[in-house]
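Everything below concerns the one structure shown next.
The values are calculated or read from the model by the stated rules, or taken from the named source; none is laboratory data. Predicted, not measured: the structure shown is a model, and the values here were computed from it. Every residue, glycine among them, receives a Cβ derived from its backbone with ideal geometry; neighbour counts consider all protein chains shown. SASA here: full protein model, heavy atoms, side chains in, ligands and nucleic acids out. Shrake-Rupley method; radii C 1.70, N 1.55, O 1.52, S 1.80 Å.
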Amino acid sequence: MRRATSGTLLTLVVAVACAAPPRMAADRAHDPEADRLAADVRRLEDERGELARSEARQAIQRARLATDGPSRRAELARAWSLASSVLRHQDIHDLAGIAPDVLRVYHLGDVLDAGGDERLGLSLLPDRDGIARDAGGRLLQRVAAAIRLDLDADAPPPEHTFVVAVGECLVSLQPSERTAQVERSLDRLATVGGGHVHAELGVFAAEHTQTPEALLEGLGLDGATPFAGMDESPINVGWRARLEWYDADETTIELLRRAVASASGTESLAVDAPFGRLRSAVRSVNSRFLQDFDVDARSAAADPLIGESRAGTGISAHYGAGDDAASVAVRVHFGEMVLPIPEFSTSLDGRQPPVKIQIPEMRIIEMRTEIPVGQSAFGVGRSLSRGAFVVTVDAPQTGAPSRPAWRRVRARTGRVDAAIEPLVENALELASSHLAAGRERDAADALRLGVGSSRLPTWTHRVRLGPRGVAGVLVRRRLPVAADVVAEALRRAEVETADEFGFLHVGDRTLVAAITPASFGPLERALGALERDTMAAPVVVVAPERLAGDRELPVDGTDGAPRPGLAVRCKTGRPVSYVADFDLELARDAVIADPIIQQMHDGAIVDVRAVPGEAVGTFDVLIDHHAVRYPIPIFQTPLGALSEVSIQLPVVDRYRTTLRVWLGPGETRRVTSTVSRDADQDSRGFVVTRRGDQSAASDR
């Protein structure tokens, strides 16, 4: 049998999370002069930030008055480089009116409603899911990057240009002659509809020693046709792995999937990738470890910094990945943590007990190929540490025709001056005084009252407050729906309040908040989804099938009442509390280690969301299943000058994926998930039911 290996990108990564050398603690008394100098530095940094924002506002005003396109672009590019927040936090209609010939704003809310990207890879130091937890933000970033590549494909970019994601929008600063090219790229990238692709990965147990050739021969597939156009030579680099692709039909795909399901000890993953989206399925072991210490020089106290690794198996599919949207890009990931995690001990000043740091090592391998649209294919491979594995990709399942779903934002007439009002200015000064005196709650209350007094219904202002110059964004928004729905949407979007002075107040008609700068985009996208929801989606109910002995947590949406802008959610399992870290409180004569108690979920969550742009009754079903290993490992280490403390470092087995289903009126679909917890298995089942409704006629 002729063997063909895909044009697969194979990478070997040996990653070591080496903590930075701990800073040595200086043996010095409290130094008022050092404190004064540090306060001067913070004051000058605040002044510099305010000067940059002032210069940016002046540049925007000059852009409004400029008489030619290049001058307008130069001023707007300068404003963005000085203080992007001045542009980023403007109302999108005001932003669109600054210089419409060169600065255009495109709203992609309808695209986001149809689902975002989720690429959950394996990594030694994942960014706590970073943009992955905000799938809409990841999609906007990818579309913006693809547009920039399209623009730069034929010629180098001219000066003073950018394409960036802002809230639910893309903002493009380009010469007027390049605007049509931007919008052609949006027609290709910012779409709804188009069906989806189903992909599965099956990994046999490590003791399964069959070669890919023997596996195919045992299934009667030794005559399979190698995938057209691929390399003839096998790939075998470093940490050994190999993946070979073949043409397939539906019968072959089903045969392979039955072989995986029937073998003992196999690990399987499945994912559905809609057109124009990147989706992933991951089975991982998430482990926390003590990564570093933040050392206070005066007290020699060491504040622990906790990291997290994600090792396991994953598959990603991007439907419409090619330049002409005519291919499916498939990635297979393997990540293996070297256990036990090596430990390193070091003294901070030569007199205190040594602290202990963990230095994990992970081996990561990734294989990638592209499959032409309209074709089924399978891949057979072998990894030295994981055994044989099989990848199957179905031909795309047709849905509603793909269509562009972006719109250009038009300028507002009669622009309102959004200058800071006296009451808000007073609140900022009062909050700074409270923070200097250590009264954080009073600072938050002063800001809440000040922002709430603004005469403008929509208002945004970036600030740096307190002795440490903590950054935050003050926002005021008119609520599109009931307050409890808004509060739930912001909770699911993981909008975080600013450190020291943060708050999130959802009133009857208005939202006022002080949030972290990174949370501004998720907040805007969450509120935008609530505003657009028309309550026209069919009613769906999700109920637990079994609870695996755990008590049931509150279940959202089981009464069948649609909640605007929110997926219907069902959650089973239990909360688990643990000592995650210590917060060192430094007084003049003492250092106190205050334990930080965090919670994690041990169980499964299912979110079901209607998909606009496809046939009525099409839903995305997200499964996120966590199984905590018990007992939770305990790591003991001194904190420099402090005595030894115990920190709990949980290990969690996780399975996360998104599947697409279609349900007719009254139809039911069973959704299951199983995660290995050491030698045991934790299985969860859910029943998704679409209520009978008046939209049945449109299903036909």
Checklist entry - Got a number for residues in the range 139-151 being open to solvent by less than 70 Å² (accessible area, probe 1.4 Å) and either modelled with pLDDT under 90 or farther than 25 Å from Val495 by Cα (or both)? => result 4
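Go over the candidates Leu120, Leu189, Leu103, Leu201 one by one and state the one that is in contact with an Asp or Glu (Cβ under 8 Å, 6 or more places away or on another chain) and either farther than 18 Å from Ala325 by Cα or open to solvent by 10 Å² or more (accessible area, probe 1.4 Å) (or both).
Details: Leu189 fails: in contact with an Asp or Glu (Cβ under 8 Å, 6 or more places away or on another chain); Leu103 fails: in contact with an Asp or Glu (Cβ under 8 Å, 6 or more places away or on another chain); Leu201 fails: in contact with an Asp or Glu (Cβ under 8 Å, 6 or more places away or on another chain).
When all the criteria are applied, what remains is Leu120.
Yes or no, residue by residue, for (1) under 13 Å from Asp499 (Cα atoms); (2) open to solvent by 40 Å² or more (accessible area, probe 1.4 Å); (3) at pLDDT below 90:
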| position | (1), (2), (3) |
| --- | --- |
| Leu428 | no, no, no |
| Leu435 | yes, no, no |
| Ser454 | no, no, yes |
| Arg462 | no, yes, yes |
| Val473 | yes, no, no |
Checklist entry - Of (1) in contact with a helix residue (DSSP H, G or I) (Cβ under 8 Å, 6 or more places away or on another chain); (2) more than 29 Å from Ala190 (Cβ to Cβ), Arg448 satisfies all except one. Which? => result (1)
Next on the checklist: Looking at the range 269-282, can you tell me whether even one residue there is open to solvent by 40 Å² or more (accessible area, probe 1.4 Å) and either touching a strand residue (DSSP E or B) at 6+ places or on another chain (Cβ under 7 Å) or at pLDDT 85 or above (or both)?
Outcome noted: no
Checklist entry - Pick from the range 603-656 the residues that are of a type in the set (Phe, Trp, Tyr) and under 28 Å from the mean Cα position of the chain (by Cα): which of them is farthest from Ala489 (Cα to Cα)? => result Tyr630
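Please find, within the range 681-700, the residue that is modelled with the lowest pLDDT out of those that are more than 30 Å from the chain's Cα centre (by Cα) and open to solvent by 50 Å² or more (accessible area, probe 1.4 Å).
This residue is Arg700.
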Next on the checklist: Can you say whether Glu524 is charged (D, E, K, R), under 27 Å from Leu170 (Cβ atoms) and touching a helix residue (DSSP H, G or I) at 6+ places or on another chain (Cβ under 7 Å), as far as the supplied structure shows?
Outcome noted: no
Checklist entry - List, please: which pairs have Cβ atoms under 7 Å, are six or more places apart or on different chains, and start with a residue in the range 215-233 that is within 24 Å of Val328 (Cα to Cα) and open to solvent by less than 70 Å² (accessible area, probe 1.4 Å) and end with one that is in a loop (DSSP other than H, G, I, E, B) and modelled with pLDDT of 80 or more? => result Leu216/Ala224
Checklist entry - Would you say Ile253 is touching a strand residue (DSSP E or B) at 6+ places or on another chain (Cβ under 9 Å), of a type in the set (Val, Ile, Thr), under 17 Å from Val391 (Cα atoms) and at pLDDT below 80? => result no
Item to check | Number of the exception - Val591 against (1) surrounded by 18 or more Cβ atoms within 10 Å (Cβ to Cβ); (2) more than 24 Å from the chain's Cα centre (by Cα); (3) modelled with pLDDT of 90 or more | outcome: (3)
Checklist entry - Of all residues in the range 514-551, how many are surrounded by fewer than 22 Cβ atoms within 10 Å (Cβ to Cβ), at pLDDT 85 or above and of a type in the set (Ser, Thr, Tyr)? => result 1
Checklist outcome for this item: Note on Ser385: of the conditions (1) modelled with pLDDT under 85; (2) in contact with a Lys or Arg (Cβ under 6 Å, 6 or more places away or on another chain), unmet is (2)
Next on the checklist: Of everything in the range 332-354, what is assigned to a strand (DSSP E or B) and closer than 29 Å to Asp653 by Cα? Give them in sequence order.
Outcome noted: Val332, His333, Phe334, Gly335, Glu336, Met337, Glu343, Phe344, Ser345
Checklist entry - Which condition number in (1) within 20 Å of the chain's Cα centre (by Cα); (2) open to solvent by less than 20 Å² (accessible area, probe 1.4 Å); (3) free of Cβ contacts under 8 Å to residues at least 60 places away in the same chain is the one that Gly664 fails? => result (1)
Next on the checklist: List pairs: first residue in the range 616-637 and over 30 Å from Leu305 (Cβ atoms) and open to solvent by 10 Å² or more (accessible area, probe 1.4 Å), second residue at pLDDT 95 or above and among the aromatic types (Phe, Trp, Tyr) anywhere in the structure, Cβ distance under 7 angstrom, at least six positions apart or on different chains.
Outcome noted: none
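For the range 386-398, give me the residue count where each residue is open to solvent by 40 Å² or more (accessible area, probe 1.4 Å) and assigned to a loop (DSSP other than H, G, I, E, B).
First pass over the range 386-398, keeping only residues open to solvent by 40 Å² or more (accessible area, probe 1.4 Å): 386, 397-398.
Next cut, assigned to a loop (DSSP other than H, G, I, E, B) only: 386, 398.
Of the residues in that region, 2 qualify.
Can you find even one residue in the range 560-572 that is at pLDDT 90 or above, among the polar types (S, T, N, Q) and either open to solvent by 20 Å² or more (accessible area, probe 1.4 Å) or assigned to a strand (DSSP E or B) (or both)?
Here is the first cut: in the range 560-572, the ones at pLDDT 90 or above are none.
So far as the range 560-572 goes, no, none of its residues is at pLDDT 90 or above, among the polar types (S, T, N, Q) and either open to solvent by 20 Å² or more (accessible area, probe 1.4 Å) or assigned to a strand (DSSP E or B) (or both).
Yes/no per residue for (1) assigned to a strand (DSSP E or B); (2) free of Cβ contacts under 8 Å to residues at least 60 places away in the same chain:
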{"site": "Arg441", "(1), (2)": "no, yes"}
{"site": "Leu456", "(1), (2)": "no, yes"}
{"site": "Leu474", "(1), (2)": "yes, yes"}
{"site": "Val481", "(1), (2)": "no, no"}
{"site": "Asp484", "(1), (2)": "no, yes"}
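This table checks each residue for (1) more than 33 Å from the chain's Cα centre (by Cα); (2) in a strand (DSSP E or B).
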| position | (1), (2) |
| --- | --- |
| Ile253 | no, no |
| Arg258 | yes, no |
| Asp272 | no, yes |
| Arg279 | no, yes |
| Val282 | no, yes |
| Asn286 | no, yes |
| Leu290 | no, yes |
| Asp294 | no, yes |
| Leu305 | no, yes |
Checklist entry - Any chance the range 169-192 includes a residue that's over 20 Å from Asp394 (Cα atoms), of a type in the set (Gly, Ala, Ser) and in a strand (DSSP E or B)? => result yes
